[in-house]
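The structure under discussion appears below in the form of structure tokens.
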Amino acid sequence: MDPQTFVARIVPRYRQEMGGATPVGGEELPAVAQAAQSPGMPTQTRAGRFRYSYTLSGRPMEEDIYCVLSYTSAPAVQSVYWFPLQLYSMRAEKGQLDRQTKLMQVIASSPRLNLQWFNAYQQVWEMWKANVMQSIQNAGHLSRYIAGINNEISAMNRQAWNENQASQDRISRRFSEYIRGVDTYRNPITNQSIQLPSGYNQAWTNPSGEYIVSDSPSYNPNIGTTRNWQAMSRIP
């Protein structure tokens, strides 16, 4: 469940050019991990961004690897479900990665799961959980099973797709906020979201569209003014 260890041990197995990569920084991101939590599920989640440097075709490169790990224990059936919810990376020539990260983050957060594909995936997953896979003797049988999958999308699978997409969107937004140094709040006057500099515990707005952020628990912008400041809640 240590994302840095996961990245260091697992990723190079599938990325041969990173076999000799040198770790040069990184950190865990609790806010991203919190955004990945699913309500009602006893799941542990951890996330982080880790930077590596290496040489590719004679050019010095830097690469950031973004990772969100999910870990669910099911003692009743003596099972553990463990997998990366998100795992992707961005690289550029040394010295250029920070400048290009914002654009690449937009690209990384843009994919959307195809609902029909997700429906088929859920059916295969349910088949596996029911141990039907044991009766499938070869890839040909599995291929014919998949070809015969019911294309009708159940309400349960549609809800699972919606929840999955909402989770991915929250994770992407948190990664983006981390990169840009902002937090997202709900404006109670306009009922719209607004992004303000991160690192503050409280934020207020007024009907004139002005904003105040503060770290002091005793601070109240309404004292000594008639501007009618209203507290804003942070969007998780």
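Any read-out appearing in this document is the output of simple, stated calculations on the displayed coordinates, not a laboratory observation. All values reported here derive from a predicted model rather than from experimental measurement. Virtual Cβ from ideal backbone geometry, glycine too; neighbours counted across all protein chains shown.
Below are the figures for this structure:
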| quantity | calculated |
| --- | --- |
| Inter-centroid distance (Cα atoms) of segment 17-57 relative to segment 183-209, Å | 28 Å |
| Linear extension gain, TYR211 paired with ARG59, 0.36 nm per residue minus alpha-carbon span | 50.2 nm |
| For segment 1-135, size of Cβ-based charge dipole, Lys and Arg +1, Asp and Glu -1, in debye | 180 debye |
| Dipole moment magnitude, nearest 20 debye, the chain about Cα centre, only Lys, Arg, Asp, Glu C-beta charged | 260 debye |
| Cα gyration tensor category, rounded, prolate or oblate, for segment 181-234 with a/c compared to 1.5 | oblate |
| Furthest towards positive pole of dipole, THR5, PRO42, GLN195, structure part the chain, Cβ charges | THR5 |
| Neighbour-count ranking [beta-carbon atoms within 10 angstrom, fewest first] of TYR88, TYR219 | TYR219, TYR88 |
| Principal-axis tilt of helix 3-14 within the chain, Cα atoms, nearest 10 degrees | 40 degrees |
| Full-extension gain in nm, ILE189 to VAL80, via 0.36 nm per residue minus C-alpha separation | 34.7 nm |
| Pairwise label distance in nanometres, ASN164 with SER198, each label 7 Å out on the Cα-Cβ vector | 2.7 nm |
| Relative contact order (percent, whole number), segment 3-179, Cα cutoff 8 Å, 6+ residue spacing | 19 percent |
| Per-residue [θ]222 nm for the chain (sum of -39500 (n - 2.57) over DSSP H runs n ≥ 4, rounded to 500) | -11000 deg cm²/dmol |
| Ascending count of other beta-carbon atoms within 10 Å, so fewest first, for VAL7, VAL124, VAL80 | VAL80, VAL124, VAL7 |
| Degrees between helix 155-180 axis and first principal axis of the chain (Cα, 0 to 90, nearest 10) | 50 degrees |
| For segment 3-179, the fraction of alpha-carbon pairs in successive 5 Å shells from zero, as % | 1, 7, 13, 15, 16, 15, 13, 9, 7, 3, 0 |
| Per-residue Cβ neighbour rank within 10 angstrom, fewest leading, ILE223, ILE179 | ILE223, ILE179 |
